[in-house]
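Here is the structure we will look at.
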Amino acid sequence: MTSDSMPTDGSGTRRARAGWVLALAATVLPGFTATAAPAVADPGGYHIYAHGFLSNGIVGYNASDIDQPAPIQGKPMPGALNWPQAPSPDGRFLFVAPGANPQLIPYAIGADGELAEGTPLPLPDVPVDIIFAPNSRDAYVVVGLQNAQVIPVRIGANGTPTLNGSPVPFGESLDGVASGTVSPDGKQLYVASLLPRQLLVFDINADGSVSPVKQRVSTGLNPIYPRVTPDGRHVYVVNEISGSVSGFARAGDGTLTEIAGSPFPTGMLPHVTSMTPDGRFLYVPNMGSGHISSFAVESNGALTPLPDVAFAPEKPGTFAESSVMSPSGDVLWALGTDPLRGGEEILRRFAVGPDGILDLDESVAVYTGTYVADGRTLSLVPRR
């Protein structure tokens, strides 16, 4: 595994305000989201896994809220053109779905974070996202750049994925390049369909299968990476091209109504969001701006902007794409791309203040040896 730390002048943290930085003109397709691991602080730390869309290989680190990340032995090679990875919420398995050879590949997570490949499940089309239900038993793979489908999957005791009923078409030919999330109660699957500019609502049946689409709500341009608040009351989806977050109130039956004041502006090309376990703060990396957008989540679901924080103030043009929150809610990890190193990914750590404002930890800047952060390229798994 190729990994090195970028030298810094200090070992503390600092708060950096960043302005807009123009991105290189390139439209980047998204990939995506998984149900978050249970938000329980683990004094033993956690494992972090990263991959690149344009490179083969998964790299891992043993990390914590305070220590330097330490590389995990081994580098599994699932294939390139890979948007999604997702851990099971119980922390036992990591799943990856490469696009060049469409399949869902399970990896058992060892005691020190090492990954052992299991039996893959072939997929009928290009996989874009892997989404878990909270029970860790049911998962959903969204496939297709057009004529998209939800593939319901049952996860066996040894991590082996099998089909759980028939694929469910979204219903429209333009549906595709989709990403999603499951509500905390496990009753609804929310999927952002890119080209139609819509957020789709599916009911999840008792056997883990999904119903046909029961609601479509309009969003901004290129909706990606929906997220449900931990209390299940609100749903947010980033609008990649519009540069905003659309917010929705969630009714008891899972249907959505847009929140007053929505959409809420972000930076350019917002991507994979993270939220604190208490649901008070939302963070949005921006692939086309030098900063991470931060918001306080109000009781009515409205988002109040907090000061932006620069992802890599010492390296202009290096922007964040994917993010994960530590189980404690005290640290945000973000993965970005450094164009001056051929698109190599860089991992950074931010402290989350009591007011939700991020502090960049200048002592952590790890180059991963993987390339081009685009999609659900970062996962965090608490130690068991």
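The lone criterion from (1) outside any loop (DSSP other than H, G, I, E, B); (2) without any contact (Cβ under 8 Å) to a residue 12 or more places away in the chain left unmet by residue 181 is number (2).
Yes/no matrix, rows are residues, columns are (1) over 21 Å from the mean Cα position of the chain (by Cα); (2) among the polar types (S, T, N, Q):
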site	(1), (2)
243	no, no
254	yes, no
259	yes, no
263	no, no
266	no, yes
269	no, no
276	no, yes
283	no, no
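The set of residues in segment 279-290 that are in contact (Cβ under 8 Å) with a residue 60 or more places away in the chain and touching a Pro at 6+ places or on another chain (Cβ under 9 Å) comprises 287, 288, 289, 290.
For residue 246, state whether it is open to solvent by less than 10 Å² (accessible area, probe 1.4 Å), more than 20 Å from residue 181 (Cα to Cα), of a type in the set (Gly, Ala, Ser) and part of a strand (DSSP E or B). Criteria not met by residue 246. Go through the residues of segment 195-211 one by one and say whether even a single one is among the polar types (S, T, N, Q) and buried (at least 20 other Cβ atoms within 10 Å of the Cβ). Yes, segment 195-211 has at least one match.
Looking across 328, 299, 294, 363, one residue alone is among the hydroxyl-bearing types (Ser, Thr, Tyr), farther than 25 Å from residue 132 by Cα and outside any strand (DSSP E or B). It is 299.
Considering 144, 165, 159, the condition of being touching a Gly at 6+ places or on another chain (Cβ under 9 Å), open to solvent by 30 Å² or more (accessible area, probe 1.4 Å) and among the small types (Gly, Ala, Ser) is satisfied by 165 alone.
Scanning segment 315-339 for residues that are over 24 Å from residue 89 (Cα atoms) and not small (Gly, Ala, Ser) yields 315, 316, 318, 319, 337, 338, 339.
In segment 212-222, the qualifying residues are those that are outside any strand (DSSP E or B) and of a type in the set (S, T, N, Q), and the one that is surrounded by the most Cβ atoms within 10 Å (Cβ to Cβ) is 219. So, of the residues in segment 111-135 that are open to solvent by less than 20 Å² (accessible area, probe 1.4 Å) and not aliphatic (A, V, I, L, M), which turns out to be nearest to residue 210 (Cα to Cα)? Ranking the qualifying residues of segment 111-135, first place goes to 132.
Is it the case that residue 178 is out of contact with any Cys (no Cβ under 7 Å at 6 or more places or on another chain), open to solvent by 10 Å² or more (accessible area, probe 1.4 Å) and among the hydrophobic types (A, V, I, L, M, F, W, C)? Criteria not met by residue 178. The residues of segment 223-241 that are outside any strand (DSSP E or B) and either in contact with a strand residue (DSSP E or B) (Cβ under 9 Å, 6 or more places away or on another chain) or at pLDDT below 95 (or both), listed by number, are 229, 230, 232, 233, 240.
The values are calculated or read from the model by the stated rules, or taken from the named source; none is laboratory data. If you're wondering where the values come from, they're calculated on a predicted model, not measured in any experiment. Counting neighbours? That spans all protein chains shown, and the Cβs are built from the backbone with ideal geometry, glycine included. Side chains included, ligands, DNA and RNA excluded: accessible areas come from the protein's heavy atoms. Shrake-Rupley method; radii C 1.70, N 1.55, O 1.52, S 1.80 Å.
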